[in-house]
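As structure tokens, the structure follows; a few thoughts come after it.
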Amino acid sequence: MRFSVIVPAYNAAKTLPALLASLSAQSFKDFETVLADDASRDGTVRSAESYPCTVLRMPRNRGPARCRNEGARVARGEILAFTDSDCEVAPTWLERMDHHFRKSNTDAIMGRLVLRPSTYLGDSISALGFPAGGSIGFDRIWRVDGEGFTESLSSCNCAVQKHLFEKVGGFDESFPYAGGEDSLFAYHLKREGRKIRFCPDVVAYHGARDSLRGFLRWQFRRGQ
């Protein structure tokens, strides 16, 4: 199998169907989807039942880093592709990933996240660069060199060869929330001399953060 798409999810019943529907519409078919449910208290698992995916149920809430690692542990694909339960991916998402891995000298890929139009507050938060470069763009926030290589990635839209993921130890599970574990993972890849290519044609979509309280809580957790 070429790809394993790994999705951590926690109380994601409202957003998960859109992601799984976008995965079902992929032009590239040689992949599996692994959903790691982080002890959700809503209908997240029920939301996944209408779609072809393997569901892992965590016995207790441990955070997305643990979920991704558990998903990688059971994955059968040569390449691990990561996105989040509140994203959607373009129909050519995996097709373009496959192209870059086959044609480019790269070990990992960071794609482009497109933020959907929102309220004035939501668009303002996106313009601050959240998440994954926001409406500014990943390549305006993080350095991308003349050959298209970068030194960071965001777990909402990235991929890495499975053997390299295992070699660097996956995501640091001491991060209880989403916020920095992906940057640390990229650092470990770079320390091993591996290359991360920014591929703007590998597109995922994400809603803007349009709640001030939610944005401040997320930033507080990132600070922790």
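The values are calculated or read from the model by the stated rules, or taken from the named source; none is laboratory data. For clarity, every value in this text was computed on a predicted model and none was experimentally measured. Because the Cβ atoms are built from the backbone with ideal geometry, glycine has one as well, and the counts that use them run over all protein chains shown. Side chains are part of the model used for accessible areas, which takes the heavy atoms of the whole protein and leaves out ligands, DNA and RNA. Shrake-Rupley method; radii C 1.70, N 1.55, O 1.52, S 1.80 Å.
List of remarks:
- Computed with a 1.4 Å probe on the full set of protein chains, the accessible area for His188 sits at about 40 Å².
- Global form of region 15-64, assessed from the alpha-carbon gyration tensor, a/c cut-off 1.5: prolate
- Cut-off under 5 Å, modelled amide H: who pairs with Thr83 long-range: Ile6
- Region 11-96 shape via C-alpha gyration tensor axes, a/c threshold 1.5: oblate
- Reachable lysines from Lys195, criterion Cα separation under 28 angstrom, eight or more residues apart if same chain: Lys29, Lys103, Lys162, Lys167
- Cα gyration tensor, region 135-208 - rounded (a/c under 1.5), prolate or oblate: oblate
- Cβ-derived FRET efficiency at R0 30 Å, Lys167 paired with Lys29, nearest 0.05: 0.60
- Residues in region 35-68 reached by a label modelled at Ser174 [backbone nitrogen below 17 Å; 7 Å Cα→Cβ]: 63-66
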